[in-house]
1. Write down the Kirkwood hydrodynamic radius of the range B:407-448, to one decimal in angstroms, obtained as one divided by the mean of 1/r over all alpha carbon pairs.
2. I'd like the chymotrypsin sites (Phe, Trp or Tyr not before Pro) in the range A:118-223 restricted to DSSP loop residues with at most 11 other Cβ atoms within 10 Å, sorted by number.
3. Nearest 5 is fine: what % of DSSP beta bridges in the protein assembly as shown come out antiparallel, could you say?
4. So for the pair residue A:305, residue B:90, with labels modelled 7 Å out along Cα→Cβ, what separation do we get in nm?
5. In square nanometres, what is the average projected area of the Cα convex hull of chain A?
6. Could you state the principal axis extents of the C-alpha atoms in the range A:203-291, from the largest down, to the nearest angstrom?
7. About the Cα centre of the protein assembly as shown, how large is the charge dipole given +1 on each Lys and Arg Cβ and -1 on each Asp and Glu Cβ? Please answer in debye to the nearest 20.
8. If we count other beta carbons within 10 Å of each Cβ, what is the order of B:100, B:165, A:227, fewest first?
Amino acid sequence: MQALEKTQAGDTADARRFAAWSPKVLLRDAGIGLALLLLIVFFSVSTEHFLTANNISNILTQITINLILAVGMTFVILIGGIDLSVGSMLAFCAVVGGTVLTIPDLSVFQAVTLATLAAVGTGVVCGFLNGWISAFWGLPSFIVTLGMLNIARGAALQVTDARTIYSFPPSFNAFGSQMIFGIPVVFLIALLLVAIAWFVLSKTVFGRLLYGIGNNEEAVRLAGHSLMFYKVAAFTIAGALVGIAAMVYMARLNIASPIIGIGFELNAIAAVIIGGTSLNGGRGTVIGTLLGACITGVLANGLILFGLSDFMRQMITGVVIILAVIIDKYRERLTGV
Amino acid sequence: MITVETVRAGASGVSTPPVLELHDVKKAFGGTKALNGVSLSVQPGEVHGLIGENGAGKSTLIKVLCGIVRPDEGAITLSGRAYAPATPREAKANGLQVVLQEFNLLPYLSVAENIFVEHLPRNAFGVVKRQEMNARARAALDAIGLNDIDVRWPVERLGIAHRQLVEVARALMTESRILILDEPTATLTSRETERLFAIIDELRSRGVSIIFVSHHLDEVFRICDRVTVLRNGETVFSRPIAETSQDELVRAMVGRKLQQQMASEMVSLARPEEALSLHHFRHVQSPHVEGISLNLHKGEILGIAGLVGSGRTELLRAIAAAERPLSGALRLEGAPVSFRSPREAINAGIGFVTEDRKEEGLILNMPIASNVTLASLSDVSRAGILDRKAENAVTERLGAELKLKYGGPDRNAATLSGGNQQKVVLAKWLARNPKVLLLDEPTRGVDVGAKAEIYALIRQFAERGLALLIVSSELPELMTLSDRILVMSQHRVVGELSRPEFSEERILQYAYQGEQQHAGP
């Protein structure tokens, strides 16, 4: 212990806590990135088809929707909330968007624009309600969004009379499988959303206060900020992103069904947690979420190429989620006081 | 500086072998040396005071003794045998009990269940023998003179003071040779403190050694046989209580001569202009129609004294609109105002330094700069986008002004000592250039040295014309700082004192009279 260098008291405590803007975050994200890299190397070596252009673009397509949902989920989890309703909301947004998309006598451009507005609008309304109800009555978002999970699913079934909507404009569907240099366009859209979210969370007053609320909401309130606004905003953003994810879903699969998206909320939460965001709020980054979504996607794809059944894949994904949280805890204990 | 030599000399002067002996114990967390050579020797049946500024290593030392933290170096012997507990359970098995500062009671279980939680009396089927448990708990409470509570009550029904005593009862359940009390009187009233001292005396006569950690030197002199001072993780001083003085202990803790209190040369800086006035101001909890009326002038420091529960904190919270005010008029610089949210109060020029720094004042896990600018984000951003350079500049400017000792603006607030954390909170409000600053217990959890600095800062604020309303439970603090003191009781102002009239006796007289008046009819 004598050999230890004299450092400013606090280096240790500093290293265990992260905020969006500290350089330590880069290290942390680098750790998750390293895990991703190891996975990629492992599957590249152990399976034949993993590292092919085709498979890579396949993976990117597969993780796109989860990534978009997880970006929204990051906002909610950062303020210490949770949104269990995104899967149901995805179905609801999709059937509303899909209905608009199939209105006859609209040009493709008109149809897609209106459908996007409708889908995102639906998500915004549901998200707003999630946030407003839990903030106004001081209810745990876990309960409120559990309610919304049922409401949105029921609404989706009601609106469509439990039927699937299909036969969207062919050019819309073509867009869903468009590639630029072998990268799916829809994935690029998701990346753009990640970039915007990163900017908002780390560079703006709004983002700063979301982190603040996640860490200590009373201090933020007494410093003169309206908690209501920020809480509602976080859920509303999550809702809007569900709307975008719904459009991407329809473009890719060419259907809108009221029974899609079951369990998607859990995949989104898993990506956020694997990405190092604390479920208690106040700590984490959207870059982590991007890496988390990639890890789940690579794992799913690689394990199947590896020859494991889908059931095994599911079990392993579960183990990874738990491992991610344990590693996080361990790191905290290792460096903390 | 007094070295380990003196410590040993002191110990060897006593003929009986010590029950507990620490020699040069060290513990580092990462690069921070929490303990850097602690030596200490406790005799059987001795009450051993352990004092030191915040961060001196007292808590870590206790954790080492009760098996929560393992030391890196040094030797500990208990009754002559090497002692290195790996778990709290092992420490207890060795007869070492501790009552920690944070309560370890389970609020929804009964008092008896709490007392026996580690070894519930059970029958052959593992079912708790409730009657036996309750009877034994009763006896345990009676043994420490706590006969006014029912052992079947859930702990949540008890006041803080009673909980503390229940903890003591629990610690005494097992035969213990050493009892460690960590700041046991922090939450007790003077009557309850007397009771605790009686219990300590009784234990001492039974040969139990007690390590008594306290911030209150008068208590140390009252109850301890020997006192050890820690500074920066080292033992700097250990002597029989009869051979030392308060002054010497303070010097040993601080490591430098405290500045002479500036009280004598203080002149009121109050200006004629009114800054804040309350007229029959009431909040939800104030029972009286008359509410609170007061005037505060620019540059004035107005102290508010009163017993715990007299409504001091609630008053500040209502002025700052942290809680909704109920009725009455509020004027700021002569203009009538009413605030519906903290935001409106802040925009009008009111700053509020809360009592609980960690829960309400700071975001510990965020950088110092973010904490400093938390209430003035619009000054360091354009179109909602943060200007990190401007943030750092503000932090550095205010940091220099307040003599903040910090590693850098991007360090987390949690890395600072109590005094420096409080300076960050002050900086947060200064960044807004407020007209009125409300301070609730401004030096709570702040060590002696930083206290003097904060006093000087408060005076500086007043010099600039800032009006200050200060609530404090430490009467010497109020008497040092204030131009006037209002005494509150039962949510009313029951007395007002000007500087020449200040004395602890008079303040307490007012405070207790107010209580009795209320309790009367």
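All of the numbers you see were taken from the coordinates with simple rules; none came from a lab. Since this is a predicted model, take the numbers as computed values, not measurements. Quick reminder, even Gly has a Cβ in these numbers, built from the backbone with ideal geometry, and neighbours come from all protein chains shown.
1. After inverting the mean inverse Cα-Cα distance, the result is 11.4 Å.
2. Here the sparse-neighbourhood loop sites are A:137, A:181.
3. Once the DSSP bridges in the protein assembly as shown are tallied, antiparallel ones form about 60 percent.
4. With each label placed 7 Å out from Cα toward Cβ, I get 5.0 nm.
5. Averaged projected area of chain A's Cα convex hull equals 19.7 nm².
6. 49, 25, 23 Å, listed from the longest principal axis down.
7. 1220
8. Fewest-to-most ranking of B:100, B:165, A:227: A:227, B:100, B:165.
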